[in-house]
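Since every read-out is calculated from the coordinates, none of them should be taken as a lab result. Source: prediction; values computed, not measured. Here the Cβ positions follow ideal geometry from the backbone for every residue, glycine too, while neighbour counts run over all protein chains shown.
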Amino acid sequence: MAFQVRPPWLLLLHFIAVIFILPAMASLPAPPSPPATVFDDNYVVAYGGDGYHMINQGTEIRLTMDRSSGAGFRSKLAYGSGFFHMRIKVPAGYTAGVVTAYYVASEPERDVQDEVDFEFLGDTDGNPTTLQTNVFVNGHGDREQRLRLWFDPAADFHDYAILWNPSHLVMFVDGTPVRVLKNLTSRGPEYEFPAKPMRA
Ligand SMILES: *[C@@H]1O[C@H](CO)[C@@H](O)[C@H](O)[C@H]1NC(C)=O
């Protein structure tokens, strides 16, 4: 008659285990992958969406550039904070004068835009692409920082992310923070921090 004295919480525990363990086991042996974000759900073409300069493959976008055009896209929504994450492989070979940019920016307004940039500065053949980051607040920039990456960003895909919350702005390369800006605006007007809603 042991089951009669079983405390009710034991039943609850068993229930939770089934709910959470069984779906996890059902997906073995392949590790569960995050739901795929399809381009058209969240992004729209900004320019060059002619199927040649921008090729939309659902969860991956290819951008090409020639003498007539490059291509760009942006998120449909503007965000007041967030973790913006993209896997990028930049063009290889002779890319001097070509800038591949991944950034979040507020609505284009003369002189008062907020913006956080990853800019990949192309170079002549054999010279590695340089990563430049920049932060604009109210149109004030002049905060460029250049970083020689510890890998060739044209050889493979790597993770580039921007974390922007009320206390920090952090830029990551493959999970390593490469730039941090603290929100110190309460200390005085000389401390600037992006505050306007931004689109990726
Ligand atoms: C920055 O911090 C101040 C308080 O110190 C806060 O009022 C403001 O909303 C913060 N900025 C952002 C963008 O969250």
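Cα centroid separation, region 154-200 to region 35-76: 24 Å. Among the trypsin sites (Lys or Arg not before Pro) found in region 105-200, those both in a DSSP coil and sparsely packed, with 12 or fewer other Cβ atoms within 10 Å of their Cβ, are ARG110, ARG148. Mean sequence separation of contacting Cα pairs (under 8 Å, at least six apart), scaled by the length of region 77-187, corresponds to a relative contact order of 24 percent.
Please label the shape of region 82-129 as rounded, prolate or oblate, based on the square roots a ≥ b ≥ c of the eigenvalues of the alpha-carbon gyration tensor (a/c under 1.5 means rounded; beyond that, a/b larger than b/c means prolate, else oblate). Walk me through the intermediate numbers first.
Numbers: a/c = 4.09, a/b = 1.86, b/c = 2.20.
It comes out oblate by the Cα gyration axes.
Here LYS196 is the anchor, and the lysines within straight C-alpha reach of less than 23 Å, apart from those fewer than 8 places off in the same chain, are LYS76, LYS182.
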